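First comes the structure, then the notes that go with it.
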Amino acid sequence: MGQEDLKGEVTRGARAIVVCPQFRGRSGPSGPAQDAEARLEEGKGLALAIGIEVVDAFVIPIREARAATLFGEGQVSNIAVACEQSEAELVIVDGALTAIQQRNLEEKLKRKVIDRTGLILEIFGERAATAEGRLQVELAHLDYQAGRLVRSWTHLERQRGGFGFLGGPGETQIEADRRMIRDRMGKLRRELDQVRRTRGLHRDRREKAPWPVVALVGYTNAGKSTLFNRLTGASVMAENLLFATLDPTMRAVRLPGLDKAILSDTVGFISDLPTQLVAAFRATLEEVTGADVILHVRDIANPDTEAQKRQVLAVLGDLGMIEPEETDAPRVPIVEVWNKWDLLPPDRIEDLREIMAHTTDEVIVPVSALTGEGTEVLLEAVGRLLTSDAKTYTFVLPAAQGHRLAWLHAHGEVLAENPAGEGEEGPLIRIEVRLSPREMGRYARL
């Protein structure tokens with residue numbers, strides 16, 4: 001297999017080996033790093049999410065990264081042997097590779113090599129559904145490729161047939177490609193600006209509407225989309241895959257004490273998100289910054305759930321959703337939704353119930369999005385948070401003003417309703433109802 005044969009895209013069904021480099025003593029920006037085995041499982045999950053067949057996977061401890069290949073010579077030889085034994089045609093390194101490291105590994109292993117960034121870009125490229133999502137992913141792809149022209153220029157001669165370059169592509173072709181990439185990236189940024197302006201107008205329009213926004217956030221594959229479908233009756237893609245949902249989806253949901261709220265499903269978080277995707281990731285999560293309540297969905301059955309929680313809180317902090325003080329007090333209420341409760345053994349359930357009983361600074365609701373267990377309790381908890389600043393009002397209205405009575409029933413929590421004698425317009429009704437300041441303002445304008 002020649003080097004020129006290694007330049008294709010990642011194909012579905014490819015046989016791959018997943019290699020997870022483990023740097024000794026290294027910790028992440030938000031606390032202790034994920035366990036090596038947990039990272040390896042996540043790497044395998046990323047590969048499966050793009051339809052790659054994982055035939056082998058293992059962790060390789062690294063004391064000091066090699067500039068040329070990341071791994072030591074003996075470790076590279078072990079990877080090569082594993083590839084031969086399992087007939088793998090692709091090697092996935094669940095970490096960051098420089099362009100030189102990627103090229104050198106491909107030359108030594110005689111197989112295509114991609115790193116974590118390249119793999120996630122492939123997933124995002126396949127899953128992005130909206131115009132903005134596709135633009136963001138293409139921009140991230142180009143940014144990633146721009147730094148790797150050093151390893152990809154050999155295929156250009158075959159593509160162009162050498163036209164206009166007697167001596168082959170060389171540096172001139174690399175510069176031409178870089179210019180093309182820069183021009184395309186400039187065009188994409190202009191298109192994205194237009195899309196964002198349009199989205200901003202839509203967000204402004206939603207903010208003028210009376211309905212509160214509840215955002216689902218959480219680590220990828222925590223069950224957000226399954227919970228979203230359970231609460232709204234929608235049919236958003238919900239599979240046991242990393243990044244099953246990329247583009248934000250919004251649906252109406254009824255809550256106790258409220259006419260309705262808007263529930264927003266967002267892209268799942270992940271550790272070590274590629275730098276090329278950070279901007280796109282944050283843009284997608286801008287919807288969260290306007291939420292009235294955040295539901296942090298956790299896969300409580302995952303052994304690495306605490307590390308995943310730290311990753312999610314770190315991103316929320318970057319978005320300004322959590323105060324930077326030591327208290328880490330959220331700017332908006334955050335409900336911890338402990339999902340996949342049905343997968344826990346009885347002794348683990350008892351341990352978690354003990355933790356919940358002694359937790360006073362957080363709202364925690366155990367649920368199973370799959371079976372529906374706990375979802376009614378969750379809706380009640382969200383309803384209480386959204387109406388916590390509500391006040392009780394008493395109105396005496398003519399029974400003939402049915403539209404006002406109906407509005408109060410639809411938008412508030414009716415505590416009492418009784419006849420109140422006769423008035424100029426006929427029978428009167430005394431109604432006692434709890435309304436939030438927003439709803440009271442709306443009622444005053446009726």
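The values are calculated or read from the model by the stated rules, or taken from the named source; none is laboratory data. Computed from a predicted model, the values in this text were never measured in an experiment. We place every Cβ from the backbone using ideal geometry, glycine too, and count neighbours over all the protein chains shown. What goes into the accessible areas is simple: the full protein's heavy atoms, side chains included, and nothing from ligands, DNA or RNA. Shrake-Rupley method; radii C 1.70, N 1.55, O 1.52, S 1.80 Å.
Here are some notes:
- Solvent exposure ordering (accessible area, 1.4 Å, most first) of ASP193, ASP347, ASP115: ASP347, ASP193, ASP115
- Pairs beyond 31 Å (Cα-Cα), from LYS44/LYS309; LYS44/LYS110; LYS309/LYS391; LYS260/LYS340: LYS309/LYS391
- The stretch between ASN418 and ARG66 holds 118.8 nm of extra length on full extension. This uses 0.36 nm per residue minus the Cα-Cα distance.
- R0 of 41 Å, Cβ-Cβ distance ARG178-GLN85: FRET efficiency to nearest 0.05: 0.55
- Under 5 Å between amide hydrogens, built in the peptide plane, is the criterion, and for GLN22 it picks out ILE60, ILE62 among residues at least 5 positions away or on other chains.
- Extending 7 Å from the Cα toward the beta-carbon at both ARG348 and LYS110 defines two label points whose distance is 4.4 nm.
- Packing rank of 79-90, 94-105, 303-314, 419-430, where each peptide gets the mean count of other beta carbons within 10 Å, highest leading: 94-105, 303-314, 79-90, 419-430
- In nm, spacing of pseudo-spin labels at GLU376 and GLU37 (7 Å Cα→C-beta vector): 4.0
- Cα-projected label distance for LEU201 with LYS391, points at 7 Å along beta-carbon direction, nm: 3.8
- Using a Förster distance of 22 Å, the FRET efficiency for ARG190-THR289 (Cβ separation, nearest 0.05): 0.40
- Restriction of the trypsin sites (Lys or Arg not before Pro) in segment 105-144 to DSSP coil positions whose beta-carbon has at most 16 other beta-carbons within 10 angstrom yields LYS110.
- Interchain or long-range residues, amide H under 5 Å from ALA399's placed H: LEU428, ILE429
- Residues whose amide H lies under 5 Å from that of ARG66, counting only those 5 or more places away or on a different chain, are PHE71; hydrogens are built 1.01 Å from N in the peptide plane.
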